[in-house]
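Comments concern the structure below.
The values are calculated or read from the model by the stated rules, or taken from the named source; none is laboratory data. Predicted model only: the values in this text are computed from it and were never measured. Every residue, glycine among them, receives a Cβ derived from its backbone with ideal geometry; neighbour counts consider all protein chains shown. The accessibility values were calculated without ligands, DNA or RNA, using every heavy atom of the protein model including side chains. Shrake-Rupley method; radii C 1.70, N 1.55, O 1.52, S 1.80 Å.
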Amino acid sequence: MKAKIGKALLKIGVFISVFLLSMAVAEELLNRGNTDMTTEMGQATLPIVYMNVNDEYVNPLHGYTADMEGSYLRGTITPLKANREVDILIDTYGAIISKIGYEVRSKDMKRLIEDTDLSGYNYENDMITATLPIKDLIDDDTEYMLVIKITDGSGKVAKYYTRIINKSELYLTDKFTFVKDFSAKTFDKVTARELKTYMETNAEGDNSSFGYVNIHSNFTQLSWGDLQPIVSSEKELFLLEVDSLNACIELNYRVFIKNEYYNVKEYFRIRRGQERIFLMEYERHMNQVFDEDKNVLVNGKILHGILDEKLQWVENKAANIYCFVQQNALYSFNMTNNNLAKIFSFYDKDNNDLRTRYDAHGVKILSIDDAGNVRFLVYGYMNRGIHEGEVGACIYFYDGAVNTVEEEMFFPYSKSFQLLRQDMQALSYINNRNVLYMLMDGSVYRINMETGKIDVVASDLDDNRFVSSKDNSMIAWQTENNKIEFFSLNAAAPVEVVADAGEIIVPLGFMDSDLIYGRARIAEITTDKSGSTVVPMYAVNILNINDGIRKEYKQDGIYTTDIDVEDNMITLYRVRWNAEIGFFEEVDNDQIMNNQSENATKNQFTSVVTEEMETTYQTVLAKTPATNTVKKLNPKHVLYEGSRDIALEQEDNRELYYVYVMGDIVGVYADPADAIRRAETSFGAVVDRRDSYIWQGGNRYLSKTIKGMDVRSSDALRTTTACCVDEMLKLNGVYLDARTLLNGTTVIGRLKESLPDATVLDLTGCSLDAVQYYVSCGNPVLAVIEADEAVLIVGYDSQNTVIYNPKLGTVDKYGKIETTSWFMQNGNRFISYINTKQ
């Protein structure tokens, strides 16, 4: 019996040995196969181009290798020298350059003004310097698009975009010196005290975190407290907007604090006075660069440091795998084996330069499973790899078992990262049937990840009437026939929500997976004192797609105009009708709490406050690892043959208006008046799809009076409105009979027909200050007053408004306070135009 048992044990032992050997061989073969079929992400190869402005190398430009719609790439502005030349510096990073050329185009890119190849340039130590002489074919004080074309040794062409302008007396040396000096002084407690005169420290400043500092912060925040930062990179200067008085400038750099690196952005809006420069706006944003080689795990916590960005993170169902994105680097931490995988980042210690650190892209986690597999999206400018220099949205799959990343689909995009970011944040979701839903340029696409079949679910959407849940699994939009399509993307089709007779319904947002929408009576829609449209919603409903109405918020005589959703609370902005003044007036906000959130998680992202570092952030893990030692994984990328590009070719015909603040898009609107009101709050700029200016917070005269008015009085045949339109047309060389020019048409209709090179604007609801921009441009503003009479605003200064009144037959000055009140009482009903021909 013992012998048999011994033989049996021997056989089992041999079997186990063979099995283990087979497994080892299989694993080796598997790994060898993966090694042969995987590679590191390709290194960055494109040069960087700097523009020489007043002997400063500024506006570092990144190359695009795909065809782009340049009108959406506003980026920086580069003033030309007095002789219409611009000097450039090209950092080749060792690349072979075979050709350099440049184009000058109108900003809408439709008109080619110049296309020149450089015949000579200086080449030294991987640096090229050259001068671009711009031909005498451009107008002064007008922006154009400069496209620099660099061809490498293989024939690949990269294009670099910047706006240019030939304009004198910009005082750039003074402005650049102020910005650099201000930034430098913040690092020294003694010299920083000189900056107090520029600050507007008050209760608006949030002095709880070094992650965000602004003009209202206190001295401690401005001067970095006790952090003692060391600047560890060049301070890259970006000139975003400039005129003779104003400039918007951004500085980007890195600092080293307490053994950690931080990305810093400083934004300045400055104004030149007669004796000194004034700081009008200042912001500083700082975010820690997560370093997987440091002690990132301490007593069951992942330490994220000081942050201004809102950290994106998800966990699997078992809550033992935690994924997060910090400064565009995607990490996955497995609490079971203490593995920390840096799944994706263009930047790492071996790829650390201005190209790889460029932040014109985003990373979004789409899904995670219990095996540690992660599907994610990288959208925007591709810093390196096979799509280097392209803009698009790329779906990747991280295989947790073999530690590889594979591209699944790439959707090229020809507009800016900022626009793509808005769409990808609003909707990019893969459902439980492996179907991808994406919003792009006003259309919702459905893409089968297995077959590649593409459907358009909805198109020509109004961005302000489209809402999505926080996880993007639920969406809703308003249709043209006054319905709401409510779509669970894990279902086959949307559910239709129908308005009652005489009402409209408005999608407002989501609380978890429940749709929040408002109900308003059409008869009660009106305007407020400023002329802005008010949609007073007498009820706000919270609708579950399966269970129906969960809650209806309604109070007698109280209406909701808008909502905010933050965490588990809905804030309702409310008004009531005041019959005495004939307008709605604001009342206190109200809140709806959700005490049964669907999004409870086991891993907790939380803040910690210390005296030295102030607010820092950490993740308290659901399971405390046995040790603080982590095993770092660096996935390789799977090689594949052919292309995985998918073109979404739905044409976007919407006429939209884009609001830029601090060089970034903060809103997209179908109504120009809405865009102007948003821009006015932040001294921004409004442009159309051709990048023509519709409105600017700066770049206007301090006083202006339009000359050449033919002052006439209205009469029985010539209404005041007709007189005003007649004057507007005559100033543009259009002469019509004032007695009949409005027959069968509206003011806007007549102006559009008669001024083909202009964009005619209904500015109802804009302030008098805002519409003075058009007078500064030489364009009168028609204002509708009592009894539908009209006057023309034809001038202004700091204290007065100049008005042509056809009823009186006069052009007179009136006090600004008086006219502001007068126009507001009449609903701020303004009409003007702006020349947008390029």
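Report whether or not residue 457 is closer than 24 Å to residue 505 by Cα, open to solvent by less than 20 Å² (accessible area, probe 1.4 Å), assigned to a strand (DSSP E or B) and of a type outside the set (Asp, Glu).
no
Restricting attention to the stretch 735-769, and to residues there that are over 18 Å from residue 784 (Cβ atoms) and open to solvent by less than 30 Å² (accessible area, probe 1.4 Å), which single residue is nearest to the chain's Cα centre (by Cα)?
Taking the candidates together, the pick is 759.
Mind counting the residues in the stretch 102-137 that are open to solvent by less than 70 Å² (accessible area, probe 1.4 Å) and within 30 Å of residue 694 (Cβ to Cβ)?
12
Condition test on residue 509, is it surrounded by fewer than 20 Cβ atoms within 10 Å (Cβ to Cβ), assigned to a strand (DSSP E or B) and at pLDDT 95 or above?
yes
So which residues in the stretch 297-320 are open to solvent by 40 Å² or more (accessible area, probe 1.4 Å) and part of a loop (DSSP other than H, G, I, E, B), if there are any at all?
299, 308, 309, 310, 317, 318
Starting from residues that are in contact with a strand residue (DSSP E or B) (Cβ under 6 Å, 6 or more places away or on another chain), among the hydrophobic types (A, V, I, L, M, F, W, C) and surrounded by fewer than 12 Cβ atoms within 10 Å (Cβ to Cβ), keep the ones in the stretch 580-628 and report whichever is modelled with the lowest pLDDT.
Here the residue is 593.
Residue check, residue 531 against (1) under 19 Å from residue 477 (Cβ atoms); (2) open to solvent by less than 30 Å² (accessible area, probe 1.4 Å); (3) part of a loop (DSSP other than H, G, I, E, B), all met but one. Which one?
(1)
Quick check on this structure: which one of 391, 325 is out of contact with any helix residue (DSSP H, G or I) (no Cβ under 8 Å at 6 or more places or on another chain) and either aliphatic (A, V, I, L, M) or open to solvent by less than 10 Å² (accessible area, probe 1.4 Å) (or both)?
Testing whether each residue is out of contact with any helix residue (DSSP H, G or I) (no Cβ under 8 Å at 6 or more places or on another chain) and either aliphatic (A, V, I, L, M) or open to solvent by less than 10 Å² (accessible area, probe 1.4 Å) (or both) leaves just 325.
Can you confirm whether the stretch 636-643 contains a residue that is within 17 Å of residue 762 (Cα to Cα) and out of contact with any strand residue (DSSP E or B) (no Cβ under 6 Å at 6 or more places or on another chain)?
no
If you go through the stretch 249-276, how many residues are under 13 Å from residue 174 (Cα atoms) and crowded, with 21+ Cβ neighbours inside 10 Å?
2
Among (1) over 25 Å from the mean Cα position of the chain (by Cα); (2) within 20 Å of residue 79 (Cα to Cα), where does residue 163 come up short?
That leaves (1) as the condition not met.
Please pick out the residue among 200, 194 that is open to solvent by 50 Å² or more (accessible area, probe 1.4 Å), more than 28 Å from the chain's Cα centre (by Cα) and within 28 Å of residue 243 (Cα to Cα).
Every option except 194 fails the conditions.
Quick grid of which residues meet (1) in contact (Cβ under 8 Å) with a residue 24 or more places away in the chain; (2) touching a Lys or Arg at 6+ places or on another chain (Cβ under 8 Å); (3) open to solvent by 30 Å² or more (accessible area, probe 1.4 Å):
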residue: 364; (1), (2), (3): yes, no, yes
residue: 367; (1), (2), (3): yes, yes, yes
residue: 374; (1), (2), (3): yes, no, no
residue: 379; (1), (2), (3): yes, yes, no
residue: 395; (1), (2), (3): yes, yes, no
residue: 398; (1), (2), (3): yes, yes, no
residue: 402; (1), (2), (3): yes, no, yes
residue: 406; (1), (2), (3): yes, no, yes
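Where residues in the stretch 811-838 are open to solvent by less than 40 Å² (accessible area, probe 1.4 Å) and part of a strand (DSSP E or B), which of them is farthest from residue 711 (Cα to Cα)?
Only one residue tops the list, namely 834.
Return yes or no: is residue 208 of a type in the set (Ser, Thr, Tyr), loosely packed, with under 15 Cβ neighbours inside 10 Å and assigned to a loop (DSSP other than H, G, I, E, B)?
It is true that residue 208 is of a type in the set (Ser, Thr, Tyr), loosely packed, with under 15 Cβ neighbours inside 10 Å and assigned to a loop (DSSP other than H, G, I, E, B).
When only residues in the stretch 799-810 that are of a type in the set (Ser, Thr, Tyr) and touching a residue at least 60 places away in the same chain (Cβ under 8 Å) count, which is least open to solvent (accessible area, probe 1.4 Å)?
Among those that are of a type in the set (Ser, Thr, Tyr) and touching a residue at least 60 places away in the same chain (Cβ under 8 Å), it is 804.
I'd like the full set of residues that are surrounded by fewer than 20 Cβ atoms within 10 Å (Cβ to Cβ), part of a helix (DSSP H, G or I) and modelled with pLDDT of 95 or more, limited to the stretch 771-798.
Across the stretch 771-798, the qualifying residue is only 776.
Restricting attention to the stretch 70-86, and to residues there that are assigned to a loop (DSSP other than H, G, I, E, B) and surrounded by fewer than 16 Cβ atoms within 10 Å (Cβ to Cβ), which single residue is farthest from the chain's Cα centre (by Cα)?
The residue in question is 83.
Out of (1) within 18 Å of residue 211 (Cβ to Cβ); (2) touching a residue at least 60 places away in the same chain (Cβ under 8 Å), the odd one out for residue 291 is which?
(2)
Hey, any hits in the stretch 418-434 for a residue that's closer than 30 Å to residue 76 by Cα, within 18 Å of the chain's Cα centre (by Cα) and in a strand (DSSP E or B)?
Yes, some residue in the stretch 418-434 is closer than 30 Å to residue 76 by Cα, within 18 Å of the chain's Cα centre (by Cα) and in a strand (DSSP E or B).
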